[in-house]
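Engineer: Can you read through this structure? Questions will come right after.
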Amino acid sequence: MFDNEELYKKAEDFITICYAELNKGEEERQKRMEQIHSEIVNTATYLHTYEELEHGAKMAWRNSNRCIGRLFWNSLTVFDKRNLQREEDVFNALCEHIQFATNGGKVLPTITIFRQQTNTTNSVYIWNHQLIRYAGYETEHGTLGDPSSISLTKKCEELGWERDGTDYDILPIVIEIDGQAPKLFQLPTEIISEVDIVHPQFDWFKELGVKWYGVPFISDMELEIGGIRYTAAPFNGWYMGTEIGARNLADQKRYNLLPIIADHMELDMSSNASLWKDKALLELNIAVLYSYKKVGISIVDHHTAAQQFSHFEEKERKADRDLTGDWTWLIPPMSPAVTHIFHTKYNNKKNNPNYYYRKVKIF
Ligand code: ARG
């Protein structure tokens with residue numbers, strides 16, 4: 001028995017699976033565990049090798065029960081930025097990540113991993129939910145922009161950031177290190193790709209002036225590998241169309257575009273039973289997929305994504321791993337019962353490594 005026995009146990013669980021998957025022998029595993037043991041005894045923590053970090057981040061994706069895109073877990077590019085200490089350097093690494101992952105439109109699943117947490121006051125935090133995200137404002141005439149960003153936007157303005165006041169103002173990046181005052185950085189516009197949403201048949205659609213950014217970079221989740229927490233580990237895949245067309249742009253509490261689209265389509269909005277919402281939703285989603293394809297930014301429709309997920313299920317079976325999944329998230333928000341996922345039961349057990357929502361409230 002020794003202090004930090006719990007950390008050692010978690011490390012052992014991880015190293016055992018990781019080394020087996022990387023085809024390392026028992027001897028190597030034991031040697032590594034002895035190293036980790038003395039490191040934990042001496043420093044109360046331990047450092048991952050690059051190989052462990054890379055495979056751990058991939059396993060964490062594979063274990064993400066809510067993600068329909070997990071077929072591609074092994075293609076994740078992992079940038080190791082654990083050596084960075086200054087906010088400016090973290091910001092530059094984020095810009096590099098955005099450029100690399102956007103890749104001129106052929107999106108590459110990527111994660112950048114910053115310094116691990118040693119205790120709760122010793123951490124790197126990115127305040128933003130995503131690296132690229134639109135601001136949201138409450139005004140006298142209702143909300144402007146993305147309502148899901150209202151509280152972060154307020155904070156940014158308190159910290160001196162100035163709004164343009166459009167529906168699509170890109171928020172600055174807010175970086176906090178070791179409990180010091182957060183620093184704000186504006187992303188250079190050249191590295192941000194955005195897509196104007198147009199419709200293949202409805203000419204009037206472009207006049208709505210709707211757009212969305214090309215790639216979702218989640219920056220508010222923590223990566224846990226073998227008992228070690230990485231509080232800043234932003235990652236991205238490519239979009240599934242419904243995330244934008246059936247949620248971001250359609251939710252009543254987000255951009256709420258169904259009424260205006262239905263109005264332009266001259267649908268009978270006086271009765272629910274005309275299914276005007278469903279018709280508008282369908283056309284909006286057609287427009288999203290069409291627009292991303294048109295400008296050449298990777299996107300997947302929910303039918304193809306579900307088929308890919310079924311390949312993932314098959315591969316996990318063949319690898320003799322128990323598949324875990326969260327049905328409530330895996331089903332797409334449009335036509336769910338048209339996919340096999342709707343008709344399948346999933347075990348929602350949380351395995352490690354994994355990505356977690358932040359425990360501490362940081363703003
Ligand atoms: N649903 C989030 C959004 O609409 C993005 C979540 C991650 N999505 C992804 N395709 N990797 O912005």
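Engineer: Going through the stretch 55-81 one residue at a time, which ones are away from the ligand (no atom under 15 Å from the Cβ) and open to solvent by 50 Å² or more (accessible area, probe 1.4 Å)?
Structural biologist: ASN74, PHE79, ASP80, LYS81
Engineer: Could you list all residues from the stretch 230-265 that are within 17 Å of SER64 (Cβ to Cβ) and in a helix (DSSP H, G or I)?
Structural biologist: Residue satisfying the conditions is GLU243 alone.
Engineer: Now, a different point. Taking the stretch 220-241 as the region of interest, how many residues are within 16 Å of the ligand (Cβ to nearest atom), farther than 17 Å from VAL300 by Cβ and surrounded by fewer than 24 Cβ atoms within 10 Å (Cβ to Cβ)?
Structural biologist: 3
Engineer: Specify the residue that is nearest to the chain's Cα centre (by Cα); the eligible residues are those in the stretch 104-124 that are open to solvent by less than 20 Å² (accessible area, probe 1.4 Å) and of a type in the set (Gly, Ala, Ser).
Structural biologist: Only one residue tops the list, namely GLY105.
Engineer: Only residues that are under 22 Å from GLU243 (Cα atoms) and among the aromatic types (Phe, Trp, Tyr): list them for the stretch 186-214, please.
Structural biologist: PHE202, PHE205, TRP212, TYR213
Engineer: Would you say ILE113 is within 16 Å of the ligand (Cβ to nearest atom) and of a type outside the set (Gly, Ala, Ser)? Let's see the steps before the verdict.
Structural biologist: Working: within 16 Å of the ligand (Cβ to nearest atom): no; of a type outside the set (Gly, Ala, Ser): yes.
No, not satisfied.
Engineer: Can you tell me which of ILE191, ILE177 is closer than 22 Å to VAL215 by Cα and among the β-branched types (Val, Ile, Thr)?
Structural biologist: On the way: ILE177 fails: closer than 22 Å to VAL215 by Cα.
After ruling out the rest, the residue left standing is ILE191.
Engineer: Quick one: count up the residues across the stretch 292-351 that are among the aliphatic types (A, V, I, L, M) and in a helix (DSSP H, G or I).
Structural biologist: Total meeting the criteria: 7.
Engineer: Please return the ranges of helices (runs of 4 or more DSSP H) entirely within the stretch 1-103 where 1 or more residues are within 27 Å of the chain's Cα centre (by Cα). Spell out how you get there, then give the answer.
Structural biologist: Details: elements: 5-21, 26-43, 50-62, 87-102.
Of the helices (runs of 4 or more DSSP H) lying wholly inside the stretch 1-103, those with at least 1 residues that are within 27 Å of the chain's Cα centre (by Cα) span 5-21, 50-62, 87-102.
Engineer: Further, regarding this structure: Looking at THR143, is it more than 16 Å from the ligand (Cβ to nearest atom), hydroxyl-bearing (Ser, Thr, Tyr) and either part of a loop (DSSP other than H, G, I, E, B) or buried (at least 19 other Cβ atoms within 10 Å of the Cβ) (or both)?
Structural biologist: no
Engineer: Among the numbered criteria (1) part of a strand (DSSP E or B); (2) open to solvent by less than 50 Å² (accessible area, probe 1.4 Å), which one does TRP161 miss?
Structural biologist: (1) is the only condition that TRP161 fails.
The values are calculated or read from the model by the stated rules, or taken from the named source; none is laboratory data. Note that the structure is a prediction, hence the values are computed from the model and not measured. Every residue, glycine among them, receives a Cβ derived from its backbone with ideal geometry; neighbour counts consider all protein chains shown. Side chains are part of the model used for accessible areas, which takes the heavy atoms of the whole protein and leaves out ligands, DNA and RNA. Shrake-Rupley method; radii C 1.70, N 1.55, O 1.52, S 1.80 Å.
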